[in-house]
Amino acid sequence: MKVGFLGFPGSGKTTLFNVVTGRVEYPAQTGRPESHLAVVKVPDDRLFRLAEILSSKEIIQPEMTFVDLAPLHRENGDGGQRDGLMKLVGDAAALALVIQCFGEFDAEGNPLDPADDLESLLLEMTITDLGVVERRLERIEAELKSSRDKSSAERTLLQRVASHLGEGKLVADLDLTEEETMVLRGFALLTHKPLLVVLNVAEDDLDGERCRAAAQVAQEMGLACEIIAATLEEEIAALEDEMRDAFLADYGLSRPARDRFIRACYDLLGVITFFTGNHKDARGWTIEGGRTVRDAGGKIHSDIYDGFIRAEITPFAKLDELGSFAACRQAGVMRLEGRDYLTEDGDYLDIRFSR
Ligand SMILES: Nc1nc2c(ncn2[C@@H]2O[C@H](COP(=O)(O)OP(=O)(O)OP(=O)(O)O)[C@@H](O)[C@H]2O)c(=O)[nH]1
Ligand SMILES: [Mg+2]
C-alpha cells in the first residue's frame, strides 16, 4: 500500500513526508527533482495493550509506504504534462494532494490561490487520464476496422469514461460494475485512485480560515480533506513525548497530525487492521475492508489460506475491556467462525489450519 504526495513546487510535500515518516532524512528545500520513498510503521495503541495482555516480547506494527513525489510544475493551464504525470505518480495506490495555504506567494512567485491550485491539480489529472483513455480508444478503433465484429465492450466503457472526464469529473465518481472497475484498474488512471486533499496551512491558521475556498472545492469534488500545519507538526514531531503533549495542548491540537494523516489514509484506502499474537510477539496486519477471515489468514501465510479450517475471533474492544482471553472465553465473546466470515477492524484472530 503506497500513498504518494503530489503537489506543485514548494507546497510542503517534503515537510509533510518528514512529519509522517517521523524523521528528517530530506530537509525541506524546494526544487529537488527526485522522488523519495519511506516505509512507516503504523501507530496503533491497541497493539501495546495486546502485547500487555499476551505478555509479548515484541510488537510488530503494520507498515505503510509513502512517496514524496517530485514536484509537478505548473504548465500553461492546458494540461500538457500527460505521460510525465503518469510516470511521476507511478504505482501509488492513493494520492495526497498537498496544497500550499501558507504565505503570500507560491514558490514560483505567483500570488497564493489554494483553491485555484487544487482545481489546476485536478484538471492536470483529468486531462492526463483523458489522454490515456483517448489513445486507447484510437487503438481500439483501428483494431475494430480490420475486424468483422464492430462492437467492443471496452470501447463503450472508455467512451463513457472519456465523456465523464471531459466534464471535469473524477473517474472515482463514475458508477462502475465490478467488471468495469477491473478493466479500468489496468489503466491506473490518476482520478480513479482514492484522493486526499491536504491543505498545508500556516501555524496561525490552524482552522484553515484562509483556505476556506480550497476546502469548498474539495467538498464539491467529494474529496476527503485534512488541514495540517506541516512545519509546525515537523517541530512537534521532533520533541520528546511530554513536551509534545504540552505543545499540542498549547495549540489546541488533540493529537499529532501524523496519526490523523495515517488514519485518514487508512480510511481513504478502505483498509482495516486485524491482530495476531502470542508470548513472542503482538502483531497488527492490514487488509482491505470486506475480506474474509480466510483472506486474512492468507496475508499471514499462503499455507494458512490453503489449509484454513476455522478461526477463533476475539474483538479487541472486548479483550481490552475484559483484560484476558480467559475472561473473554468465559463471557462468550470469543467465537468460532468459518472461512466466509468477514474480517472486522480490531479482530484478534487465532486460526486453525491443516498443513
Ligand atoms: N510557513 C510555513 N512554511 C512551510 C510550510 N510547509 C512548508 N513550508 C516551507 O516551504 C518551503 C518548501 O517546503 P517543502 O516541504 O520543501 O515543499 P515541497 O513541496 O517538498 O517542495 P518541492 O519538493 O520543491 O516541490 C520550505 O522552506 C518549508 O519550510 C508550512 O506549513 N508553513
Ligand atoms: Mg520536496
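Out of Leu121, Leu157, Leu97, which single residue is closer than 30 Å to Leu232 by Cβ and in a helix (DSSP H, G or I)?
Only one candidate passes the filter, namely Leu121.
Go through region 237-277 and give me each residue that's among the aliphatic types (A, V, I, L, M) and under 15 Å from Val201 (Cα atoms).
Result: Leu253, Ala257.
Is it the case that some residue within region 186-197 is assigned to a strand (DSSP E or B), within 16 Å of ligand 1 (Cβ to nearest atom) and within 27 Å of Lys2 (Cα to Cα)?
Yes, there is a match, as at least one residue in region 186-197 is assigned to a strand (DSSP E or B), within 16 Å of ligand 1 (Cβ to nearest atom) and within 27 Å of Lys2 (Cα to Cα).
Tell me, yes or no, whether region 116-133 has at least one residue that is of a type in the set (D, E, K, R), closer than 27 Å to Thr231 by Cβ, outside the structural domain of Ala224 (by TED's automatic domain parsing) and within 15 Å of ligand 1 (Cβ to nearest atom).
Scanning region 116-133 turns up at least one residue that is of a type in the set (D, E, K, R), closer than 27 Å to Thr231 by Cβ, outside the structural domain of Ala224 (by TED's automatic domain parsing) and within 15 Å of ligand 1 (Cβ to nearest atom).
From the list Leu118, Leu130, pick out the single residue that is open to solvent by less than 50 Å² (accessible area, probe 1.4 Å) and free of Cβ contacts under 8 Å to residues at least 40 places away in the same chain. Let's see the steps before the verdict.
Working: Leu118 fails: free of Cβ contacts under 8 Å to residues at least 40 places away in the same chain.
Matching residue, one of Leu118, Leu130: Leu130.
Please return the ranges of strands (runs of 3 or more DSSP E) entirely within region 217-325 where 1 or more residues are more than 28 Å from Leu54 (Cα to Cα) and open to solvent by 70 Å² or more (accessible area, probe 1.4 Å). Outline the logic, then answer.
Details: elements: 224-228, 271-277, 281-288, 308-315.
Result: empty, no element qualifies.
If I ask for residues that are in contact (Cβ under 8 Å) with a residue 12 or more places away in the chain, open to solvent by 10 Å² or more (accessible area, probe 1.4 Å) and over 20 Å from the mean Cα position of the chain (by Cα), which ones from region 177-216 would you list?
Glu180, Val183, Ala202, Glu203, Leu206, Asp207, Arg210, Ala213, Gln216
If Phe261 satisfies every condition in (1) of a type in the set (Phe, Trp, Tyr); (2) out of contact with any Pro (no Cβ under 8 Å at 6 or more places or on another chain); (3) in contact (Cβ under 8 Å) with a residue 60 or more places away in the chain; (4) over 30 Å from Thr15 (Cβ atoms) but one, which is the exception?
It is condition (4) that Phe261 fails.
Based on this model, can you work out whether Asp91 counts as open to solvent by less than 90 Å² (accessible area, probe 1.4 Å), modelled with pLDDT under 95 and on the phi < 0 side of the Ramachandran plot?
No.
Taking the options Ala172, Ala107, name whichever one is farther than 20 Å from Gln216 by Cα and either under 20 Å from the mean Cα position of the chain (by Cα) or in the same structural domain as Ala70 (by TED's automatic domain parsing) (or both).
Details: Ala172 fails: farther than 20 Å from Gln216 by Cα.
Selected residue: Ala107, the only one of Ala172, Ala107 that is farther than 20 Å from Gln216 by Cα and either under 20 Å from the mean Cα position of the chain (by Cα) or in the same structural domain as Ala70 (by TED's automatic domain parsing) (or both).
Please tell me if Thr21 is modelled with pLDDT under 90, open to solvent by 10 Å² or more (accessible area, probe 1.4 Å) and under 17 Å from the mean Cα position of the chain (by Cα). Step through it out loud before you land on a result.
Details: modelled with pLDDT under 90: yes; open to solvent by 10 Å² or more (accessible area, probe 1.4 Å): yes; under 17 Å from the mean Cα position of the chain (by Cα): yes.
Judged against the criteria, Thr21 is a match.
The values are calculated or read from the model by the stated rules, or taken from the named source; none is laboratory data. Here the structure is a predicted model, which is why all the values come from computation and not from measurement. Neighbour counts are summed over all protein chains in view; Cβ atoms, including those assigned to glycine, are modelled from backbone coordinates with ideal geometry. SASA here: full protein model, heavy atoms, side chains in, ligands and nucleic acids out. Shrake-Rupley method; radii C 1.70, N 1.55, O 1.52, S 1.80 Å.
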